[in-house]
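K.L.:
If you scroll down you'll find the structure; I have some questions about it.
The values are calculated or read from the model by the stated rules, or taken from the named source; none is laboratory data. These numbers were taken from a predicted model, which means no experiment stands behind them. Using ideal geometry, Cβ is built from the backbone for each residue, glycine included, and neighbour counts are taken over all protein chains shown.
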Amino acid sequence: MAIDTGERAPPPAVRLMRVDLWRRCLAETLGTAGLVAVVVGSGIAAERLSPNDVGLQLLENAAATAAGLVALILALGPVSGAHFNPVVTIADRVFGGIDNRTTAAYIPSQIVGGCLGAISANAMFNEPLVELSTKTRSGGPLWIAEVIATLGLLVVIFGVVRSGRTTAAPFAVGAYIGAAYFFTSSTSFANPAVTIGRTLSDTFAGIRPSSAPGFVVAQLMGLVVAVVLVRALYPDVEAVADDVIVPPADIRTDGRT
């Protein structure tokens, strides 16, 4: 006979919420790690495969990053929405797509994932696991590029989702990032977690730790401008904010989706 201890099990909705958050954070960690591993790893491979052609190195790096990002969003988006980027998470919070608790959990997960991704790429290519980058990326033109890259990324994300074409969002984001490698002077970091991760690899895609704060500030400035523009372009964006970047599926404690 079961003994009634006086404690009642939490309702199903509460159990779902508790399990869902850790799963979503795991997806954000893995997704950001995968993204940085693709960026850093393909950069190292490009340097080795095309040692005398920087333009070809950048093309190889951009193509791998764009393709890898699409794959990661498609694979992990149903779990967490596939933000993989603190500025996307903050923008989604501003528009009401997620709550404060989720925001506070996502951002550290993304930063940890970014660092793990860089370490993984270093390990795969027999580089020191952690080697702070010596590549200086600083100055007004690069900061302006990061403002524009981040602004454009957020407008693409929220614009596509607002149009109701969430199935196209992974491809739109990948295409934008691939293009932004070439039309921005900074090669479009547009992501604070990725920026932090890339400080840990002294390779093609690295950034000196002293250069990272300028990039992050510029990215946050791009976020502010993007929020204003998105709200002006799509006044009812809050209605679709919970579908960013792709709509997460409900994950239940009994394993069904």
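K.L.:
Residue pairs, Cβ under 6 Å, 6 or more apart or interchain, first in region 199-220 and of a type in the set (Phe, Trp, Tyr), second not in a helix (DSSP H, G or I). List them.
P.N.:
Phe215/Phe189
K.L.:
List the pairs whose first member sits in region 226-248 and is within 15 Å of Ser80 (Cα to Cα), whose second member is of a type in the set (Ser, Thr, Tyr) and surrounded by fewer than 21 Cβ atoms within 10 Å (Cβ to Cβ), and whose Cβ atoms are under 6 Å apart, counting only residues at least 6 apart or on separate chains?
P.N.:
These pairs meet every condition: Asp243/Thr166; Val246/Thr166; Pro247/Thr166.
K.L.:
Could I ask something else about it? Which condition breaks for Ser210 when tested against (1) assigned to a loop (DSSP other than H, G, I, E, B); (2) modelled with pLDDT of 95 or more; (3) surrounded by 15 or more Cβ atoms within 10 Å (Cβ to Cβ)?
P.N.:
Unmet condition: (3).
K.L.:
Follow-up question, since we're still on this one. Would you mind stating whether Arg8 is among the basic types (Lys, Arg) and either at pLDDT 95 or above or not in a loop (DSSP other than H, G, I, E, B) (or both)? Quick ask: steps written out before the conclusion?
P.N.:
Working: among the basic types (Lys, Arg): yes; either at pLDDT 95 or above or not in a loop (DSSP other than H, G, I, E, B) (or both): no.
So Arg8 does not fit the description; no.
K.L.:
Pick from Thr150, Thr89, Thr103, Thr136: which is of a type in the set (Val, Ile, Thr), within 22 Å of Gly41 (Cα to Cα) and either surrounded by fewer than 24 Cβ atoms within 10 Å (Cβ to Cβ) or in contact (Cβ under 8 Å) with a residue 12 or more places away in the chain (or both)? Steps first, answer last, please.
P.N.:
On the way: Thr150 fails: within 22 Å of Gly41 (Cα to Cα); Thr89 fails: within 22 Å of Gly41 (Cα to Cα); Thr103 fails: within 22 Å of Gly41 (Cα to Cα).
Matching residue, one of Thr150, Thr89, Thr103, Thr136: Thr136.
K.L.:
Within region 63-84, does at least one residue satisfy the condition of being among the small types (Gly, Ala, Ser) and over 15 Å from the mean Cα position of the chain (by Cα)?
P.N.:
Narrowing region 63-84 to residues among the small types (Gly, Ala, Ser): 63-64, 66-68, 71, 75, 77, 80-82.
Then keep just the ones that are over 15 Å from the mean Cα position of the chain (by Cα); that gives 63-64.
Yes, there is a match, as at least one residue in region 63-84 is among the small types (Gly, Ala, Ser) and over 15 Å from the mean Cα position of the chain (by Cα).
K.L.:
With the structure loaded, tell me whether Ala190 is surrounded by fewer than 16 Cβ atoms within 10 Å (Cβ to Cβ), within 30 Å of Ala239 (Cβ to Cβ) and of a type in the set (A, V, I, L, M) or whether it fails that test. Steps first, answer last, please.
P.N.:
Numbers: surrounded by fewer than 16 Cβ atoms within 10 Å (Cβ to Cβ): no; within 30 Å of Ala239 (Cβ to Cβ): yes; of a type in the set (A, V, I, L, M): yes.
So Ala190 fails the test.
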